[in-house]
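Written below as structure tokens is the structure these notes are about.
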Amino acid sequence: MLEIKNLHAAIDGKDILKGIDLVVPKGQVHAIMGPNGSGKSTLSYVLAGREEYEITDGTITLNDKDFTAMAPEERAAAGMFLAFQYPIEIPGVQTTTFLKTSVNAIRKQNGQPEMDALTFLKTLKAKAEKLGVSDEMLKRPLNVGFSGGEKKRMEILQMAMLEPSFAVLDETDSGLDIDALKIVSEGVNALRGPDRSFLVITHYQRLLDYIVPDVVHVLAGGRIIKTGGPELAKELESTGYADVIEAA
Amino acid sequence: MMTLPTRYRPESAHGFLQNPTDGAQWRSEALAQLKARGIPSPKLERWRYTNLAGFEKANAVPAQKPELSFNPITLPWMVQNSRKLVFANGYLVFGDARLTLGGHLLEVPYDADPMEKFNDGMLWALNTAFMQDGPYLNLHEDATIEIIHVGLGHDHPQLASPRTVIEIAAGLNATIIEQYIADGAGVVHTNAALEIEVAANANLKHIRIQDEGYTRTILSSTHARIARGATYEHSFLNIGGALSRQEFWMELLEEGAHAAVKGAQLVTGRQHMDTTVLIEHAAANCTSNQTIRNVLAGDAVGVFQGKIHVHKIAQKTDGYQLCNTVMLSDRASMNTKPELEIYADDVKCSHGNTVGALDDAPLFYLRSRGIPEAEARRMMLTAFIGDLFDALDDNIKDALNKRVAQWLDHGIV
């Protein structure tokens, strides 16, 4: 379970998040929608521990662990995963090597033995196949020369390999055509389960047709101004954010 | 002005500077040059970033032939069936350093003045004045040769002055691997000079690892003359030296010749490391490539000066130069100076240069996947050095990459 209490965060001295309270129970999918500049991406970075963002007040806990002062790698080991809106290209680091390093780094931090090479490759192959990630992509440097859709599928593949207890999907739908959107959504839905929760950040309702949330929140001006069921997303799609923001 | 002797060749098949009288005229003329001009000062344009005052003050004496305290077999050889030579403080201590004598190979006249080309080339003169010994490799068949130069430290600073002559006959493929390593406490400085000739359509891969500890002054001048359709590819990994400077002067003498210098300078603590390159396109349709990657930590100072000189006759030249630097500390500094001097009108020359810290975005990306910060940095730096050595044979490439990995694990201060 993720619990965010009175979260305030700033970058370069500028306040972005201005008091967020949010609880995502185990097994649930929550969506965060909001206009540009409302703080959606900041929230995802702050959850994953990006150091440029300063938490000026409030707390984040995941499964009763205080995340507020933890390093990004410690958060990952404790079950946090962020699917990036813009996955980073890392020339010179082969995708498979990266995935293996990542899986074993998390296992090591959790006191588990390394995954042996054969098990790792078998697991990777099975999961990659489901997401339409080719062997050729796995041999290339991480995200280098990947299309927008390939990058997003690679994010979901990483999530599938790392099996986090909490995943933030930051505008995973951006830059995807409808076919890629389906593949990515199926990948996410396959990971839904009683012990895993998701925070799906999106600008558009479209993604939520495929990944149906339990709860929808509207973020504006660094605060959650409205919370509702899946129907709230549809309402936003037809009326736009302006009405909701005004009403709040 | 007196002309400095330039193209030294052993006087007999049986001795390379083994007798005090060998090369006597060369030494005395070089010594006269040295006395007249002195050690280069930072007032000279090409010496702006590197100051040899400390080296001069050390007042090193010419190295004596040392006793070897180890078995040469235990040295870090890379290739199983290579011909192996060991020099200690510039003197041959293992192997046969005079591999066939076939006379001069290149017919292109030698008329340039190394004093000018080697940036007021006192290093060249200094080597000539005190050269004691060195490999003379006059190759008439394909070969892989490994040379290990061991600097055995001494209470009073000594100066080793190995002189290397490499001549590759037409159409051959040769690989020459040089390692400069340190042994023992104390100091022996090194000032190496290398004369290389690659005859028509021959291909020489020359690999140099300079790993001589952190207390010494390590200098070298490499002069390569490359004939029609021939290739000279120099790969280097520089790790050692309190102060080091390596100079290259590569001459593309005839059509279709290719020269490359690719390497990494890994610099830490209070080290100062300098790579200075001059590539001369003296014929049409020649290509050159300079790819330099630097990693600087601590209070380190790095220097790269790279010049492409395209003669009027050298149409269709393709000259490439790229220097990338990662700074791991804000106390470190990097000086880079690209120079293009072009007299032909149909040429393609490019140069690029980047200096910066490791990017935050990829670092955060790797850490968000559970990879600890130190390991994420190491991965990114390994990737930064990346493909530099990819064109080399696997065992050589692996040895170089392994040494890079060791430095990344332990060398960064």
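Coordinate-derived values only; no laboratory data. Every value quoted in this text rests on a predicted model; they were computed, and no experiment measured them. Every residue, glycine as well, gets a Cβ built from its backbone with ideal geometry; the counts of neighbours run over all protein chains shown.
Can you run phi through the Karplus equation (6.51, -1.76, 1.60; θ = phi - 60°) for the stretch B:212-220 and list ³J(HN,Hα) in whole Hz, with x for Gly and Pro?
9, x, 10, 10, 10, 9, 10, 10, 8
Taking the alpha-carbon distance from A:K14 and a cut-off under 28 Å, which lysines remain once sequence neighbours fewer than 8 residues away in the same chain are dropped?
Leaving aside lysines fewer than 8 places away in the same chain, those within reach of A:K14 are A:K5, A:K40, A:K65, A:K226.
Estimate the FRET efficiency between A:A248 and A:N63 by the formula 1/(1 + (r/R0)^6), using the beta-carbon distance for r and 25 Å for R0, to the nearest 0.05. Intermediate values should be presented prior to the final figure.
Working: r = 31 Å, r/R0 = 1.23.
Once rounded, the FRET efficiency stands at 0.20.
Could you grab the relative contact order for chain A? Cα pairs under 8 Å, six or more apart, rounded to a whole percent. Numbers along the way, then the final one.
Numbers: 446 pairs, mean separation 70.7, N = 248.
Worked out over chain A, it gives 28 percent.
What ranking do A:119-125, A:83-89 get when scored by the average of other Cβ atoms within 10 Å per residue, highest first? Before the final figure, lay out each step's value.
Values: A:119-125: 14.4, A:83-89: 19.4.
Descending packing order for the listed peptides: A:83-89, A:119-125.
Mean separation of Cα pairs under 8 Å and 6+ residues apart, divided by the residue count of the stretch B:24-358: what relative contact order is that in percent?
Working: 982 pairs, mean separation 36.7, N = 335.
With pairs under 8 Å counted, the relative contact order is 11 percent.
Would you compute, from DSSP H runs of 4+ residues alone, the mean residue ellipticity of chain A at 222 nm, taking -39500 (n - 2.57) per run and dividing by the full residue count, rounded to the nearest 500?
After summing the helix terms and dividing by the residues of chain A, the value is -11500 deg cm²/dmol.
If Lys and Arg each add +1 and Asp and Glu each add -1, what is the summed charge of the other residues whose beta carbon sits under 12 Å from the beta carbon of A:A71?
Values: positive: A:R50, A:R75, B:R367; negative: A:E51, A:E73, A:E74, B:E373.
Local net charge: -1.
For the ranges B:215-227, B:384-396, B:172-184, B:73-85, what's the packing order if you count other beta-carbon atoms within 10 Å of each residue, average per peptide, and put the highest first? Present the calculation step by step, with values, prior to reporting the outcome.
Working: B:215-227: 25.2, B:384-396: 16.4, B:172-184: 20.8, B:73-85: 14.1.
Descending mean neighbour count gives B:215-227, B:172-184, B:384-396, B:73-85.
What number comes out for the charge environment of B:H206, summing +1 per Lys or Arg and -1 per Asp or Glu over other residues with Cβ under 9 Å away?
Details: positive: B:K205, B:R208; negative: B:E178, B:E233.
Residues close to B:H206 contribute a combined charge of 0.
If you add up the charges near A:A248, with Lys and Arg at +1 and Asp and Glu at -1, over every other residue whose beta carbon is less than 9 angstrom from its beta carbon, what do you get? Walk me through the numbers on the way to the answer.
Numbers: positive: A:R223, A:K226; negative: A:E246.
Neighbourhood net charge equals +1.
How big is the antiparallel share of DSSP beta bridges in the protein assembly as shown, given as a percent to the nearest 5? Each step should come with its number before you reach the end.
Values: 30 of 184 bridges.
Taking every DSSP beta bridge within the protein assembly as shown, about 15 percent pair in antiparallel fashion.
Give the lysines whose C-alpha is closer than 17 Å to that of B:K348, dropping any in the same chain fewer than 8 places away, or say none.
B:K307, B:K312, B:K316
Provide, as a two-decimal number, the C-alpha radius of gyration of the stretch B:24-358 over 2.2 N^0.38 Å, N being how many residues it has.
Working: Rg = 19.0 Å, N = 335, 2.2 N^0.38 = 20.0 Å.
Rg over 2.2 N^0.38 Å, computed on Cα atoms: 0.95.
Among the lysines, which fall within straight-line cross-link reach of A:K100, defined as a Cα-Cα distance under 22 Å, with same-chain neighbours fewer than 8 residues apart omitted?
Candidates past the 8-residue exclusion: A:K108, A:K122, A:K125, A:K127, A:K130, A:K139, A:K151, A:K152, B:K402.
Could you give the nm distance between label points at B:E56 and A:K26, where each point is 7 Å from its Cα heading toward the beta carbon?
Taking the two extended label points, one gets 7.6 nm.
Based on Cα coordinates alone, diagonalise the gyration tensor for the stretch B:305-413, multiply each eigenvalue by 5, take square roots, and list the semi-axes in whole Å, largest first.
Working: eigenvalues 237, 64, 34 Å².
Values for the stretch B:305-413, descending: 34, 18, 13 Å.
For the stretch A:1-103, what relative contact order do you get, as a whole percent, if you take Cα pairs closer than 8 Å and at least 6 residues apart?
Numbers: 126 pairs, mean separation 28.7, N = 103.
Computed over the stretch A:1-103, the figure is 28 percent.
What nm distance separates the two modelled labels at B:Q80 and B:D346, each placed 7 Å from Cα along Cα→Cβ?
In this crude label model, B:Q80 to B:D346 measures out at 5.0 nm.
Which residues' amide hydrogens lie under 5 Å from the amide hydrogen of B:T268, considering only partners 5 or more residues apart or on another chain, with H built in the peptide plane?
For B:T268, whose amide H was placed from the backbone, the distant partners under 5 Å are B:A297.
Pairwise over distinct Cα atoms, reciprocal of the mean inverse distance: report the Kirkwood radius of chain A in Å, one decimal place. Kindly include the intermediate steps, with their values, before the conclusion.
Details: mean 1/r = 0.0539 Å⁻¹.
Taking the inverse mean of 1/r over all distinct Cα pairs, chain A comes out at 18.6 Å.
To the nearest whole number, what is the average tally of beta carbon atoms from other chains within 10 Å of the beta carbons of peptide B:376-389? Intermediate results must be reported in sequence, preceding the final value.
Working: counts 6, 0, 0, 7, 4, 1, 2, 8, 2, 1, 4, 2, 0, 0.
What the average comes to for B:376-389 is 3.
Calculate the mean, over all residues of peptide B:355-368, of how many other protein chain Cβ atoms lie within 10 angstrom of the residue's Cβ. Could the numbers behind the result be given before it?
Details: counts 0, 0, 0, 0, 2, 3, 7, 7, 4, 10, 13, 11, 11, 17.
That works out to 6 on average.
Within 10 Å of each Cβ of B:216-222, how many other protein chain Cβ atoms are there on average?
Working: counts 0, 0, 0, 0, 0, 0, 0.
The per-residue average across the peptide is 0.
Would you mind working out the magnitude of the charge dipole of the stretch B:24-358 relative to its Cα centre, with +1 at each Lys and Arg C-beta and -1 at each Asp and Glu C-beta, to the nearest 20 Debye? Spell out each step's value before the answer.
Working: 28 positive and 36 negative charges, 142 e Å.
Its charge dipole is roughly 680 debye.
Can you give the log10 of the normalised intensity I(q)/I(0) at q = 0.09 Å⁻¹, computed with Debye over equal Cα scatterers of the protein assembly as shown?
Rounded to two decimals, the profile gives -0.82.
When averaged across all projection directions, what area in nm² does the alpha-carbon convex hull of the stretch A:55-132 cover? Walk me through the numbers before you get to the answer.
Values: hull surface 29.1 nm².
Over every viewing direction, the Cα hull of the stretch A:55-132 projects on average to 7.3 nm².
May I ask you to order B:300-306, A:169-175 by the average number of other C-beta atoms within 10 Å around their residues, highest value first? Please list the in-between numbers first.
On the way: B:300-306: 24.0, A:169-175: 21.7.
Listed from highest to lowest mean packing, they are B:300-306, A:169-175.
Label-point separation (nm) for B:E375 and A:R140, each offset 7 Å from Cα along Cα-to-Cβ?
For the pair B:E375/A:R140, the computed spacing is 2.6 nm.
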